[in-house]
């Protein structure tokens with residue numbers, strides 16, 4: 001097994017365990033009396049990160065790989081139904097854990113953030129659209145960069161120039177990006193100055209010279225999610241399932257940047273050392 005991924009997994013497990021010791025309310029709810037769980041609350045979070053990092057979009061294939069290669073890290077691994085249940089119950093914990101390593105990087109204090117959205121396709125056939133549990137949240141929308149229509153959601157991301165996620169949201173495909181951004185960030189309270197391209201008929205706006213070089217940065221960050229972390233191949237059909245699969249990708253990228261930052265790696269968004 002990749003020793004770099006092992007190091008990242010152990011570091012994330014310790015970070016999650018420390019968070020739960022100080023703030024146990026972030027962990028999944030458990031009854032006061034009952035059978036003791038065979039997985040600690042930190043283990044599903046660590047497994048979720050490793051699954052996203054290694055590019056397993058099939059739950060069955062991931063569990064076969066984990067049983068064959070990861071038993072030295074995880075002595076007990078649940079079967080597929082139990083794994084899905086653990087991951088969904090841990091969704092709120094994954095969200096909190098994603099924020100903790102982000103705070104613990106030198107990038108969190110960056111004074112320039114970039115904002116963009118990208119499609120999260122959830123179905124292509126008409127039959128899929130009609131029977132999907134995502135109907136009502138997922139919508140038909142248009143992807144300008146690929147010049148095509150799609151049915152699904154939009155992933156909105158606020159991140160640093162190195163790709164460290166600061167805030168994110170999932171909305172229907174037709175949601176307005178600017179309104180979503182205002183919902184994500186209290187801009188005035190945070191002292192954030194929003195730069196955007198001039199609309200038709202407006203005079204040139206301050207900061208317009210930054211947009212062309214930043215476009216390449218944004219596309220590179222999006223490609224990390226789509227290419228290396230397989231954001232668009234989530235293979236689920238329920239709102240909770242999509243949400244937790246997207247959270248997995250944010251957790252994996254944040255954990256890698258955090259680990260690279262603390263180990264003085266030259267490229268903070270590089271995942272190559274962990275994804276094989």
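Since every read-out is calculated from the coordinates, none of them should be taken as a lab result. On a predicted model such as this, the values are computed, not experimentally measured, just so you know. For neighbour counting, all protein chains shown are included, and Cβ atoms are generated from backbone atoms with ideal geometry for every residue, glycine included.
Points to keep in mind about this one:
- Cα gyration tensor, segment 1-114 - rounded (a/c under 1.5), prolate or oblate: oblate
- Segment 2-67: equivalent-ellipsoid semi-axes (sqrt of 5 x gyration tensor eigenvalues, Cα, Å): 24, 16, 9
- Residue list for segment 149-171, given a label point 7 angstrom along the Cα-to-Cβ vector of residue 108 and an amide N cut-off under 15 Å: 160, 164-167
- Short-range pairs are left out: with C-alpha atoms under 8 Å and at least six residues apart, the relative contact order of the chain is 25 percent.
- With a cut-off of 18 Å on the backbone N, the residues of segment 135-165 near the modelled label site 7 Å out from residue 174 along Cα-Cβ are 135-144, 148-155.
- Three-way shape call for segment 207-255 based on the alpha-carbon gyration tensor, with the a/c threshold at 1.5: prolate
- Working note: 222 nm ellipticity from helices only, DSSP H runs with n ≥ 4, each -39,500 (n - 2.57), summed and divided by the residues of the chain, gives -14000 deg cm²/dmol to the nearest 500.
- Seen against the Cα atoms of the chain and their longest principal axis, helix 91-103 is set at about 70 degrees.
- Just so you know, the Cα atoms of segment 113-235 work out to an Rg and Dmax of 15.8, 48 Å.
- Residues residue 212 and residue 272, FRET efficiency given R0 of 30 Å [Cβ-Cβ distance, rounded to 0.05]: 0.60
- Stretch gain in nm, segment residue 263-residue 96, where the contour uses 0.36 nm per residue and the Cα spacing is subtracted: 57.9 nm
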